[in-house]
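Working notes, beginning with the structure itself.
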Amino acid sequence: MLAKRIIACLDVHAGQVTRGKQFGKAEAGELEFLGDPVELARRYDQQGVDEIVFYDITASSEGRRPFFDILARTADVCFVPLTAGGGVRSLADIRDLLLAGADKVSMNTMALQSPGLIREAASVFGSQCIVVSMDVRRTADGHWQVYSHGGRRETCWEALAWAKEAVELGAGEIVLNSIDSDGMSSGYSLEIVRLVSDSVPVPVVASGGAGKPQDFLDVFQVGRADAALAAGIFHRGVYTVGEIKAFLRGHGILVR
């Protein structure tokens with residue numbers, strides 16, 4: 001069994017780490033500001049996190065490039081793999097993020113608008129560098145729909161179909177963000193995590209809903225995720241990364 005990964009997520013807006021519920025919108029004042037991204041990243045590095053993910057959550061909706069400066073400053077003080085996403089629109093953006101210190105680059109909105117960019121990026125930089133992040137919401141009839149622009153726009157894609165397409169195009173990892181569970185601290189959306197994890201041959205990272213150690217155990221045992229991404233539970237000091245890993249080890253889960 002490969003070791004399961006614990007990933008800290010930093011959603012950044014206006015230079016600060018933010019949190020909301022169910023993809024709260026910056027323009028509606030629905031976000032809580034929680035601190036400096038570089039300092040929080042340093043804290044999680046010291047706690048033993050396996051990876052750190054940065055999302056510039058308003059770059060796509062505002063039509064601007066990502067936050068290269070914050071990423072570069074973080075890379076100077078952290079020694080775990082970094083993934084960066086938000087506002088990625090071209091091979092040049094991916095190259096610049098990698099040069100700024102990212103180990104992987106996450107695409108979401110532009111991948112949906114121009115799927116060929118996934119193939120091009122995987123060809124140039126390698127699939128191991130290319131992550132496709134999916135924002136999904138359960139519909140009234142029980143399907144899971146994909147959204148773009150930070151959860152603002154519904155697309156024509158059903159979640160499993162898009163995950164398979166993204167992998168076929170060259171994505172080396174899928175991050176599955178549940179809009180319904182995001183920020184609710186009620187557990188991951190295990191049904192869709194399990195469905196995607198069982199259906200694609202690349203690692204699946206579950207995102208949205210972590211509120212207690214049992215949620216991590218459930219997403220690994222029931223959801224079969226390869227990694228669990230969390231934000232508020234760490235930002236607010238409810239649990240440390242070390243405490244989550246100790247709990248998982250105590251229940252037979254192999255972690256780093």
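The values are calculated or read from the model by the stated rules, or taken from the named source; none is laboratory data. This is a predicted model, so every value here is computed, not measured. Cβ: placed from backbone, ideal geometry, glycine included. Neighbour counts: every protein chain shown. When the accessible area is computed, the model is the full protein with side chains, heavy atoms only, and any ligands, DNA or RNA have been set aside. Shrake-Rupley method; radii C 1.70, N 1.55, O 1.52, S 1.80 Å.
It is to be established whether one or more residues within region 59-66 are acidic (Asp, Glu), at pLDDT 90 or above and open to solvent by 40 Å² or more (accessible area, probe 1.4 Å).
Checking region 59-66: not a single residue is acidic (Asp, Glu), at pLDDT 90 or above and open to solvent by 40 Å² or more (accessible area, probe 1.4 Å).
It is to be established whether one or more residues within region 152-163 are in contact (Cβ under 8 Å) with a residue 60 or more places away in the chain, within 24 Å of Asp93 (Cα to Cα) and either assigned to a loop (DSSP other than H, G, I, E, B) or basic (Lys, Arg) (or both).
yes
Identify, from the list Ala246, Ala206, Ala166, Ala228, the residue that is more than 23 Å from Val131 (Cβ to Cβ), small (Gly, Ala, Ser) and not in a loop (DSSP other than H, G, I, E, B).
Every option except Ala246 fails the conditions.
Could you please find all residues in region 212-254 being farther than 17 Å from Gly187 by Cβ and at pLDDT 95 or above?
Asp226, Thr240, Val241, Gly242, Glu243, Lys245, Ala246, Arg249, Gly250, Gly252, Leu254
Go through region 171-180 and give me each residue that's assigned to a loop (DSSP other than H, G, I, E, B) and open to solvent by 10 Å² or more (accessible area, probe 1.4 Å).
The answer is Gly172, Asp180.
Identify the residue in region 20-42 that is crowded, with 19+ Cβ neighbours inside 10 Å and in contact with a His (Cβ under 7 Å, 6 or more places away or on another chain) and, among all such residues, is modelled with the highest pLDDT.
Selected residue: Leu40.
List the number of the failed condition for Arg153; all other conditions in (1) in contact with a strand residue (DSSP E or B) (Cβ under 7 Å, 6 or more places away or on another chain); (2) modelled with pLDDT under 95; (3) open to solvent by less than 70 Å² (accessible area, probe 1.4 Å) hold.
Every condition holds for Arg153 apart from (3).
Within region 84-141, which residues are of a type in the set (Val, Ile, Thr), farther than 18 Å from Ala163 by Cα and open to solvent by less than 40 Å² (accessible area, probe 1.4 Å)?
Val88, Ile94 - these are the residues of region 84-141 that are of a type in the set (Val, Ile, Thr), farther than 18 Å from Ala163 by Cα and open to solvent by less than 40 Å² (accessible area, probe 1.4 Å).
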